[in-house]
Amino acid sequence: MSELSHINNEGKANMVDVANKPDQTRIAKATGFIKLQPGTLKLINENLIKKGDVLTVAEIAGIQAAKETSRLIPLCHGLLITKIEVKGVVEKSGVRVNSLIKCLGKTGVEMEALTAVNIALLTIYDMCKAVDKTMVMEEIYLVSKEKI
């Protein structure tokens, strides 16, 4: 097992110093899924959920969340994000949310990509909770990360 970078010599949590790392274009993609009842999916597709357009609101929430990641997760660095895409797609048994985050910086954007997906899914949950008591969020994971 490799040494943990967020632990100092005393074993305490520590924000990593990335000052000496080069600025690079970094891209991360994440995905997640929320299982929904067929009736809920029908309401989403017909834009009949009382709180509004579920997919658009969830996508905007995911974008906002990605921008706020360093405020939500204590040891994350603030980043110069250059691109955020969050897309919700209705599938047979629920909604799949995909995110793509791009930045120019010294550290990756995987936490931003995962935060975007999680908050988008939570937004769907919030908007549909009055009509669906069986929702399950699952399959939330980092698809890829790269530096160019």
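Coordinate-derived values only; no laboratory data. Note that the coordinates shown come from a computational prediction; the quantities given were computed from them, not determined experimentally. Virtual Cβ from ideal backbone geometry, glycine too; neighbours counted across all protein chains shown.
Which GluC sites (Glu not before Pro) in the range 31-107 sit in a loop by DSSP (not H, G, I, E or B) and have at most 10 other Cβ atoms within 10 Å of their own Cβ?
On the way: sites: Glu46, Glu59, Glu68, Glu85, Glu91; in loops: Glu46, Glu68.
The qualifying sites are Glu46.
Tabulate in residue order the Karplus-calculated ³J(HN,Hα) for the range 71-86, using 6.51 cos²θ - 1.76 cosθ + 1.60 with θ = phi - 60°, rounded to whole Hz; enter x for Gly and Pro.
Ordered by residue, 3J(HN,Hα) equals 7, 8, 10, x, 9, 7, 7, x, 10, 8, 7, 10, 7, 9, 10, 10 Hz.
Return the FRET efficiency for the residue pair Ser93, Ile140: r is the Cβ-Cβ distance, R0 is 22 Å, and the value is rounded to the nearest 0.05. All intermediate terms of the calculation are to be shown ahead of the outcome.
On the way: r = 16 Å, r/R0 = 0.72.
Plugging the Cβ-Cβ distance into 1/(1 + (r/R0)^6) gives 0.90.
Could you list the residues of the range 130-148 with an amide nitrogen less than 12 Å from a label point located 7 Å from the Cα of Gln24 in the Cα-to-C-beta direction?
Those under the cut-off are 145-148.
Multiplying the sequence separation of Asn14 and His77 by 0.36 nm and subtracting their Cα-Cα distance, what value in nm do you get? Working shown, then result.
Values: separation 63, 0.36 × 63 = 22.68 nm, distance 1.16 nm.
The span from Asn14 to His77 would gain 21.5 nm if fully extended.
Normalised by the number of residues in the chain, what is the relative contact order in percent for Cα pairs under 8 Å and 6+ residues apart? Before the final figure, lay out each step's value.
Working: 299 pairs, mean separation 57.6, N = 148.
With pairs under 8 Å counted, the relative contact order is 39 percent.
Could you sort 18-24, 104-110 so that the peptide with the highest average Cβ count within 10 Å comes first and the rest follow in order? Numbers along the way, then the final one.
Working: 18-24: 10.0, 104-110: 19.7.
Averaged packing, sorted descending, gives the order 104-110, 18-24.
Taking only C-alpha pairs under 8 Å that are 6+ residues apart, what is the relative contact order of the range 61-131 in percent? Could the numbers behind the result be given before it?
Working: 97 pairs, mean separation 25.4, N = 71.
Dividing the mean separation by the residue count of the range 61-131 yields 36 percent.
Lysines within cross-link reach of Lys83: Cα-Cα under 17 Å, excluding same-chain residues under 8 positions apart?
Filter leaves Lys29, Lys67, Lys102, Lys106, Lys145, Lys147.
Please report, in debye to the nearest 20, how large the charge dipole of the chain is about its Cα centre when each Lys and Arg carries +1 at its beta carbon and each Asp and Glu carries -1 there. Before the final figure, lay out each step's value.
Details: 20 positive and 17 negative charges, 47 e Å.
So the magnitude is around 220 debye.
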